[in-house]
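Notes for the one structure printed next.
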Amino acid sequence: MASIVYSNGRYLPRHQAQTSVFDRAHLFADGIYEVIWVANRALVDWQDHHTRLLSSLAAVSLSIPWSPAVLRTLIFEVIRKNNLNNGFVYLQINRKHSYTRDHRITTTEKGGRPALMISAHHAPPPQCQPLKVITLPDERWRHCDIKSTALIKAVLSKQQAQQQGAHEAWFFDKDTQAITEGASCNAWMVTHNGTLCTHPADNRILHGVARQTLLKLCQRHKLPVQEQAFTLDALRNAREVFLTSTTLFVSPVSHIDDVAVGNGKVGETTQRLFDAYLHHCYPSSSSPDSHA
């Protein structure tokens, strides 16, 4: 069955969905997006995702006419039409397009109805499997807290990581050597005294929903956490290192720039947090359904 997407008021087979060549997301990456995990047809952390969506939209002066209830209804209809049990939905909102290539936002574009696209993607729940990362200087703009579609640096960094046999690229500040985040994840480490560290939620990182959920889980499990920047040297000497994201949950990092973290295997704390996060997405009464 062909994948069905929601595109500006219509449910269409993926290959029939189209946007104008003058769409501002196409011309200027003038759009905002969200990725939400679907666990047994339920949206995980919907309220947190919606709150972040509104925050990003407000930051770029983009308002939307859809209420949370309407957006949920549209998303669940896409889930239903695609028979999506496990995986994720992608939601993108673009500013209304114009027919001239003008950087300025016109009055019509400010007040016009924005474009909305929702798609569904089948995927099994992630496994707690070690990943390799590389580190790169952080050369992105200074508003990573806005979930903008302008992701060319992430694209190129991911490609560089792949070429070096790694899964992900983590960025560090060239002046302070502080780790900020990954190309599509938040970065974490566990010190030798068992304290978890992750960069504070400021403009230098995306305020990951999985990150926020994990902070709550750490509090619930009485695990010490410090939201503070840590350096590249501290990272390389950490007891455990892992990443968080909507689609990878809690994933251990086995190697950084080809140097093993600890014994290169999944650490005790990371495994504990993965299990806790998995339970958050799939409560014991509702284990992951393997049917896509």
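Structure summary
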quantity	calculated
Checklist (1) over 30 Å from Glu240 (Cα atoms); (2) surrounded by 15 or more Cβ atoms within 10 Å (Cβ to Cβ) applied to Asn86, failing item	(1)
All strands (runs of 3 or more DSSP E) inside segment 150-256 with 2 or more residues being surrounded by 14 or more Cβ atoms within 10 Å (Cβ to Cβ)	168-172, 179-182, 186-190, 196-198, 240-245, 249-256
Listing of helices (runs of 4 or more DSSP H) fully contained in segment 8-119 that carry 1 or more residues being in contact (Cβ under 8 Å) with a residue 12 or more places away in the chain and among the β-branched types (Val, Ile, Thr)	68-81, 107-111
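Every read-out reported here was derived from the displayed coordinates using simple, explicitly stated rules and does not represent laboratory data. Because the structure is predicted, anything quoted here is derived from the model rather than measured. All Cβ positions, glycine included, derive from the backbone under ideal geometry; neighbour counts span all protein chains shown.
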